[in-house]
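Here's the structure we're looking at; comments come further down.
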Amino acid sequence: MQINKTNIEGCYEMKPEIFKDQRGFFFESFNKKRFEQLTGLKVAFVQDNQAFSTHGVLRGLHFQKGESAQAKLVRVIQGEVLDVVVDIRRDSPTYGNFFKTILSSENHKQLFIPGGCAHGYVTLSNSATFFYKCDNHYNPGAESGIAYNDPTLNIDWEIPDKELILSEKDRILPKFDDLLD
């Protein structure tokens, strides 16, 4: 497994070693011992989630507040997405930075997102199946987010705004500068 730091403190892009032969391929998608050796981080995942989306569906930017913050390990098992992480940890040296990358069933890349960061993605292919592990259980009372089109962050989602498909809840998320502790 190859692990690379991103421009966000504690956020890592991961690429597994893929073994291919005439039958197809195999790879280890997560190894706790190896992950902890390479990153120095301790992680214990407690929940797996999966979402299916069609082209142009944008989910995010979401996060869980306070003690409900979730670290995530995300990947795409079918299709392709543009994945975005925003550091909203006020005490972080990378506060306010964002990182984006393409995750797909072709490149098999994964992204480890530390707790305290906002996360979102948009489906670039006709459809995508997105899978992720969380180190904390979902708490509806701690749910929050940031507007995908926040002018301070100025994220290019690589799909024209008029083609994006969002939930009503995601359309009314607050701006980055309006985040409360």
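The values are calculated or read from the model by the stated rules, or taken from the named source; none is laboratory data. Since this is a predicted model, take the numbers as computed values, not measurements. Cβ atoms come from the backbone with ideal geometry, glycine included; neighbour counts cover every protein chain shown.
Overview of results
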{"read-out": "Among (1) within 19 Å of Met14 (Cα to Cα); (2) of a type in the set (Ser, Thr, Tyr); (3) touching a Gly at 6+ places or on another chain (Cβ under 6 Å), the one test that Ser127 misses", "value": "(1)"}
{"read-out": "Any pair with Cβ under 6 angstrom, 6 or more apart, that starts in the range 44-72 at a residue that is farther than 17 Å from Glu143 by Cα and ends at one that is in a loop (DSSP other than H, G, I, E, B) and among the polar types (S, T, N, Q)", "value": "His55/Asn126"}
{"read-out": "In the range 67-85, residue surrounded by the fewest Cβ atoms within 10 Å (Cβ to Cβ) [restricted to those that are under 9 Å from the mean Cα position of the chain (by Cα) and farther than 18 Å from Thr54 by Cα]", "value": "Leu73"}
{"read-out": "Residue within the range 128-140 that is in contact (Cβ under 8 Å) with a residue 24 or more places away in the chain, farther than 16 Å from Val85 by Cα and of a type in the set (Gly, Ala, Ser) present", "value": "yes"}
{"read-out": "Residues that are assigned to a loop (DSSP other than H, G, I, E, B), within 24 Å of Ala147 (Cβ to Cβ) and modelled with pLDDT of 95 or more, drawn from the range 66-90", "value": "Ala69, Gln70, Ala71, Ile88, Arg89"}
{"read-out": "Candidate set from the range 50-65 (those that are under 16 Å from Leu103 (Cα atoms) and of a type outside the set (A, V, I, L, M)); member that is modelled with the lowest pLDDT", "value": "Gly60"}
{"read-out": "Residue match in the range 43-62 (condition: in a loop (DSSP other than H, G, I, E, B), closer than 26 Å to Asp150 by Cα and not hydroxyl-bearing (Ser, Thr, Tyr))", "value": "yes"}
{"read-out": "Residue check for Ser144: in a loop (DSSP other than H, G, I, E, B), surrounded by fewer than 20 Cβ atoms within 10 Å (Cβ to Cβ) and either polar (S, T, N, Q) or without any contact (Cβ under 8 Å) to a residue 12 or more places away in the chain (or both)", "value": "no"}
{"read-out": "Residue that is modelled with the lowest pLDDT, among those in the range 1-29 that are surrounded by 10 or more Cβ atoms within 10 Å (Cβ to Cβ) and small (Gly, Ala, Ser)", "value": "Ser29"}
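Residues are listed down the side, and each one gets a yes or a no for (1) over 29 Å from Ile18 (Cβ atoms); (2) touching a strand residue (DSSP E or B) at 6+ places or on another chain (Cβ under 7 Å); (3) touching a residue at least 40 places away in the same chain (Cβ under 8 Å):
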| position | (1), (2), (3) |
| --- | --- |
| Val84 | no, yes, yes |
| Ala118 | yes, yes, yes |
| Pro151 | yes, no, no |
| Ile155 | yes, yes, yes |
| Asp177 | yes, no, no |
